[in-house]
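First the structure, in the form of structure tokens, and then the observations on it.
Rule-based calculations on the coordinates, nothing more; no lab input. Fair warning: this is a prediction, and the values are worked out from it, not measured in the lab. Quick reminder, even Gly has a Cβ in these numbers, built from the backbone with ideal geometry, and neighbours come from all protein chains shown.
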Amino acid sequence: MATQKSLMGFFGAAGSAAKSKPKRSPKPPTLDDQPKKSEEVPVPTVEDKPMECDPSTTANGSENTESLSEPVSDRSSPVKKKRRLRRRRKAISTSDEETEVAIGPTSPKDAAVQEPATNLAAPDSKQDSAVGSDASLPIQDSLENTLPAKDPLSVAVAEKQAKAAKPSTGKTIKPRNKAQSTGSGKKPTNANLLAPPEVVERFAEMIQTDVSYAALCYMFEQVEATTKRLLIADILTHFFRRVIAKAPQELLPLVYLCINRLSPQYEGIELGVGESLLIKAVAEATGRGAAKVKADVVALGDIGLVAKESRSTQRTMTMFKTRQLKVAQVFQTLKQIATTSGHASMSHKVGKIKGMLATCQGNEAKYLMRSLEGKLRIGLAEQTVLVALAHAFVLHHQTEKLDVETLAETLQEAAATVKSVYNELPSYDVMIPALLEHGVDKLSEFCKLTPGIPVKPMLAHPTKSISEVLDRFENHTFTCEYKYDGERAQIHRLEDGRTLIFSRNSENMTAKYPDVMDKMNRALVAGTGSFILDCEAVAWDRAQRKILPFQILSTRKRKDVKESEITVQVCVFAFDLLYLNGRSLLRVPLAERRKLLAESFRCVDGDFQFAKSQVITDVEEIQTFLDESVEDNCEGLMVKTLDGDEASYEPSRRSRNWLKVKKDYISGIGDTLDLMVMGAYAGRGKRTGVYGGFLLSCYNPDNEHYEAICKIGTGFTEADLESHRDILRESIISQPRSYYNFGDSVKPDVWFEPRMVWEIRAADLSISPVYQAAVGKVDSYKGISLRFPRFVRIRDDKGPEDATTSDQIADMYQSQKINSVDHPQSDDN
DNA sequence: CGACTTGCAGG
DNA sequence: ATCGCCA
DNA sequence: TGGCGATACTGCAAGTCG
């Protein structure tokens, strides 16, 4: 409760929240935002200290101290928060340079390799012991006692905000950092790229024959506390090394927990748990109201923190836990949650979650909730895991001492191998056992491109202009292809004749496209056996023989599709061939792959075609081809190198060898709108403390109403977000104006008076089931919204009534070529 | 059984 | 999807 | 430049609820 108020206060809810307790006086409403910048209150600095020095494990302790010492805290300039903390930690570890510094000239990775030397003993070693599972007891106790009147969450809020407060130097910090990292030569010293020895020791203690969930969470903490990628990788490497040595059977579940998955993507096992269920679980587990919990989530920007904090109160009396969560058990429970279905399944899921929560200690609840939410957000994800795995296995098998450079090379190669293998066969179920049994060296013998298992598709870089394309490909032969607006489809034909289709994200879409099986058979040329095709499936109007918009494609059924009942036909546009008759073509240049593609398949009009392409040499040709593609209802062009080493298929890599030129970058075609900011939503994660998104509207001069058109959450710099918060604070109103039209489902956390106008770029306009913009103008009941909206800039020169009008929106929609002929959505008018 | 809600998938 | 930030 | 994490809209699928 207190938290909600404070949130409101935080966002300066002048009207509604002000009424609560005035106690949080030092909040920033208006007073702060102006003067603060300069020389922030010293308080936060002081508060910060214990945090940064403590190993994150003792965070509990410091949090308390912190909130105690300064419950009022200072919420003036949130945003910088964690990042700052991290920096400071770095600063500390930087002090011990000598360690591996000798390696200077070689890649920093070398350093990461070395056994951590002793002198790394940072000022923050000892306290570690406080981490122990039982350590939380006294801490929580003290929390209870010292803050009798307070909801622990308000403590957390205060803490969060204290963190958020700038460590004194407002603006100077950025430049300083820059100077530090880039300006003054060389990389940062290698010392801070190494996992601190006490961390490694801790791993050794915690990881024995099996792995406790606490051990994993300890590792997460360590990772979360740093931003240095090499350090993160090294921490993870040490963790895995220990696991490989002591508890190899735990490696697979651990890897899954690190990347927050339960199985390979293509198996489609999902938790089926979202925020509402988690809120319910936390509420039930703590005996608090769901509404309160929800408010806390908004305030803290992280349901993990809410779980951790609210749990600690409840806990005090039932503290005698004996059970300790194990990784294997957590993983298994997660899988159970995922596979629970049918009647009352939701309450069963909640039950399991509550069960685990009850056993959580320290930070476990935080990470458990984040896992359930699907976002660990500790700065560690798949790519890092792959590197760490590679390194861990190399080091595990490494018996003889290599010189630093050789070792570094070995490690780098290993990382490349593991990544490449994984991208071709993205299954830890296969790869981890293979690694355990054969090591990295022979990995590619056992794990290779296999029809039936999706390859990570090659991605493309967005390009801002045609000239940028030319710059990039100046000395290469390249080709342009239509970029179709459909769904990526990787079509596999196995040796046994089965056909499988995977999406861009490696989901199995076979059941969605039974009609494609038949198309493939008709498109085969004699002699074509097994293959993997890269294609785009596009909605197709058979009568008019033309491409339909993506929005139509998306209305196709996804499960149990029977060929006879298909309403939206598709045409498959093939553009690459990755595997043919038992042979991988990944390393074959595009020109050759394309040739094989053309030889192995035939065009079946309206069912299976080749992506339209053209080899191009100059700007004008590209421009013409681009215009043509848009004219043909495509999104723009893909530009690809044709020959040589740089024309191979690089799974998962958003390589520079493929570029995309989208029409919305080209002025005149791209839609830019000026929209009024109606309201905003509290940010989460790294956006805690600022607004994470905003509700926008267009203006309808006929009735002088503002009609909600979309939310927006990207395109802002961090500075933008801070500035928006500060500026919009002045405009907060407690209720929406009577002339605001919006759907209940998009209600923002705070409302603004009509004032601010922003320029927004979008790719397309779409018929919307939830927004009101231009209702009745294109569709009698539905409004219009934007596809891929992003913030461009503030339009200070425009008043709210100068915003784009509903009529203009309707016109823009109509003028999208693809909608001009006929589209199912528009019932009447 | 229909309306509503939630989660997940796509771009 | 898009975008920005960081090493 | 790669890796990561913040956020957008829409529709189906599967659940809940009255």
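Remarks
- As a proxy for reagent exposure, ranking A:T339, A:T359, A:T286, A:T237 by other Cβ atoms within 10 Å from fewest up yields A:T339, A:T359, A:T286, A:T237.
- Amide N proximity, the range A:528-557 versus A:D605 label position 7 Å along Cα-to-Cβ, cut-off under 15 Å: A:541-547
- Taking each residue as 0.36 nm, the span from A:R656 to A:R542 lengthens on full extension beyond its C-alpha to C-alpha distance by 37.4 nm.
- Selection from A:A680, A:L626, A:V639, by position along the positive dipole direction of the range A:624-712 (Cβ): A:A680
- Charged neighbours of A:D515, selected by a Cβ distance under 9 Å, balance to -2 (K, R count +1; D, E count -1).
- Residue among A:S731, A:W751, A:N741 farthest towards the positive dipole end of the range A:717-765, charges placed on Cβ: A:N741
- Phi angles across the range A:695-702 convert, under the Karplus curve 6.51 cos²θ - 1.76 cosθ + 1.60 with θ = phi - 60°, into 3J(HN,Hα) values of 9, 10, 9, 9, 10, 10, x, 4 Hz, Gly and Pro given as x.
- Computed E for A:E631/A:V525 - FRET, C-beta separation, R0 22 angstrom, nearest 0.05: 0.10
- Model label sites at A:R587 and A:S734, defined 7 Å from Cα along the beta-carbon direction, differ in position by 7.1 nm.
- Alpha carbon convex hull of the range A:550-612, volume per residue in cubic angstrom: 140
- Extension reserve of the A:T399-A:Q332 stretch, reckoned as 0.36 nm per residue once the Cα distance is removed: 20.6 nm
- Between A:H461 and A:E620, the FRET efficiency from the beta-carbon distance, with R0 = 22 Å, is close to 0.45.
- Three-way shape label, the range A:230-389, alpha-carbon gyration tensor, a/c 1.5: prolate
- Using a simple spin-label model with pseudo-atoms 7 Å out from Cα toward Cβ, A:R472 and A:D643 lie 2.1 nm apart.
- Of the peptides A:499-508, A:599-608, the order by per-residue mean of other Cβ atoms within 10 Å, starting with the highest, comes out as A:499-508, A:599-608.
- FRET efficiency estimate (nearest 0.05) - Cβ-Cβ, A:F446 to A:R787, R0 41 angstrom: 0.45
- For the range A:401-557, with +1 on Lys and Arg beta carbons and -1 on Asp and Glu, the positive-most of A:V538, A:T406, A:S506 along the dipole: A:V538
- Multiplying the residue separation of A:E267 and A:A416 by 0.36 nm and subtracting their alpha-carbon distance yields 51.1 nm.
- The range A:544-612 - percent relative contact order, Cα under 8 Å, separation 6 or more: 33
- Paramagnetic reach from A:S723 in the range A:779-800 [backbone N under 19 Å; point 7 Å along Cα→Cβ]: A:790-800
- Cβ-placed point charges (K, R +1; D, E -1), dipole of the range A:374-504 about Cα centre in debye, nearest 20: 600
- Counting neighbouring Cβ atoms within 10 Å and putting the fewest first, the residues A:T617, A:T417 line up as A:T617, A:T417.
- Violating pairs (Cα-Cα greater than 24 angstrom) within the set A:K456/A:K660; A:K663/A:K782; A:K326/A:K349; A:K294/A:K366; A:K366/A:K559: A:K663/A:K782; A:K366/A:K559
- For A:V211, the amide hydrogen comes within under 5 Å of the amide hydrogens of A:V327, A:A328, counting only partners 5 or more places away or on other chains and with H modelled in the peptide plane.
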